[in-house]
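Single-structure report; data block below.
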Amino acid sequence: MKKNKAKKPITEVLLMGTPSKNSDLLWFTGFNASDPFPAFSAHGKKFGLIPLLEVGRAEKESHLDEILNLSEIIKDLRKTNPHAGVADAIVLAALNEGIDAFRVPADFPVGLYNHLQSLGLKLVLASDEDATPLFRNRSIKTKKEINGIKKGNIAACAGFIRVEQVLKESIITSQKKLQWKGKNLTAEILKDEIQVAVTRAGGLLDIGLICAPGDQAIDCHSSGTGPIDANQLIVVDIFPRDRESFNYGDMTRTYLKGKASPKQRDLVETVLEAQRRALKSIKAKRTGAQIHQGVVDFFNKKGYKTKKTKTGYEGFFHGTGHGLGFDIHEEPSLSSRHTKPLLAGECVTVEPGLYYSGLGGCRIEDCVLITKTGCEMLSKHPYDWEIP
């Protein structure tokens, strides 16, 4: 009886996308571009098939081992095959390196996937082959990436400083409205001021920001709109990309112009204490689920229950944090679903929050680097939230 040979795992990786929109490709190549191109691994080297107009820049900026001129390859192939395109160029480049099979990510373009398969290249979705991500070590950040996250947060702080300046300069009318420079202060005005400050500080708000007054903050990803009232909680969440390294920072502060009520003050102080406790509990080998459950238990003990209402949820109904880097939301997470041990070198946000109709919302967020014994802060800004 013949023994079945162990199936040899496919280890080489093929990517196709636009680095400015595809974080795996950006991480793999170290090259940011606004046009799509393929890249693959072969025998420990990284290959990129780069369009003609980007070849020179890729040679200077990327960390690819081999840069192949995609435009020239296709031009040469069309001498014998007028319909040759990107798929044919990929197959040729792969076979030249002795590669006939690749792992590809779940978001690989389906049309290209089918075309490559029809040309004889074997492709296996990484999610089908095993439960690990395409790049197992991407969550462990390099010094350059960590510095990029710090710089993203420095840009975010410039936004908070501007918010505080505008709120200090604003006056409270007899109708309990806020006026700034003779106009009603709105979320839109405040967001415009944040945009300018963040840009000047080297950040790019390429996926927006949040400035949500009052009950708008209960919908946690509501960008916020309309007039801002006095004595109203305002959740300001700023997540800029550092323009130099392309890494995201992510910070949230909650503000109030005027005088807080006892209920508002207790809400904010409870969230601040929850974040302090979470920060103290983070370290490698603990799980994101454990960190998150500690926050849930603290809120419950303080009497802040989470429940479903006719219009949605109230209380604490999101995770305590998430990884970040080339994406604003990456693995790992500080949530009930993340039961694997956290690793030293991973970066996460820590952002507990509470949200109640009629009271508004409060979220406080900072970024940390996980270490063997605890965590290191990657963001720093005062928590002075009540502005008279």
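Laid out as a table, the results:
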{"read-out": "C-alpha long axis of helix 143-169 to longest principal axis of the chain, angle in °", "value": "30 degrees"}
{"read-out": "Label-point separation in nm, H83 to T11, each point 7 Å along Cα→Cβ", "value": "3.7 nm"}
{"read-out": "Angle between the chain longest axis and helix 52-61 axis [Cα atoms, degrees, rounded to 10]", "value": "70 degrees"}
{"read-out": "Mean Cβ count within 10 Å, highest first, over the residues of peptides 349-360, 202-213", "value": "349-360, 202-213"}
{"read-out": "Which labelled figure in (1) 0.98; (2) 1.10; (3) 1.16 is Cα Rg over 2.2 N^0.38 Å, once derived from the coordinates", "value": "(3)"}
{"read-out": "Lys, Arg +1 and Asp, Glu -1 on Cβ, resulting dipole of the chain about Cα centre, debye, nearest 20", "value": "1160 debye"}
{"read-out": "Residue-averaged [θ]222 nm for the chain, counting only DSSP H segments that reach four residues, each worth -39500 (n - 2.57)", "value": "-10000 deg cm²/dmol"}
{"read-out": "Neighbour-count order for Y304, Y313, fewest beta carbons within 10 angstrom listed first", "value": "Y313, Y304"}
{"read-out": "Among beta bridges that DSSP assigns inside the range 14-129, antiparallel share in %, nearest 5", "value": "50 percent"}
{"read-out": "Amide H partners (placed H, <5 Å) of D206, local residues excluded", "value": "R241"}
{"read-out": "Phi to ³J(HN,Hα) by Karplus 6.51 cos²θ - 1.76 cosθ + 1.60 over the range 196-205, Hz, x for Gly, Pro", "value": "5, 5, 5, 4, 5, 8, x, x, 10, 8"}
{"read-out": "Radius 14 Å from Cβ of Q179, net charge of other residues (Lys, Arg +1; Asp, Glu -1)", "value": "+4"}
{"read-out": "Burial order of peptide ranges 321-331, 247-257 (average beta-carbon count within 10 Å, highest first)", "value": "247-257, 321-331"}
{"read-out": "All lysines inside 16 Å of K285 as judged from Cα atoms, apart from same-chain residues fewer than 8 positions distant", "value": "K340, K372"}
{"read-out": "For the range 323-332, 3J(HN,Hα) per residue [Karplus equation, 6.51 cos²θ - 1.76 cosθ + 1.60, θ = phi - 60°, Hz, x = Gly/Pro]", "value": "x, 7, x, 6, 10, 6, 10, 10, 7, x"}
{"read-out": "Estimated vicinal HN-Hα couplings, Hz - the range 264-275 in sequence order (Karplus 6.51, -1.76, 1.60; Gly, Pro = x)", "value": "5, 5, 5, 4, 5, 5, 5, 5, 4, 5, 4, 5"}
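Every read-out reported here was derived from the displayed coordinates using simple, explicitly stated rules and does not represent laboratory data. Here the structure is a predicted model, which means the values were calculated and not measured. Don't worry about glycine lacking a Cβ; one is built from the backbone with ideal geometry, like all the others, and counts go over all protein chains shown.
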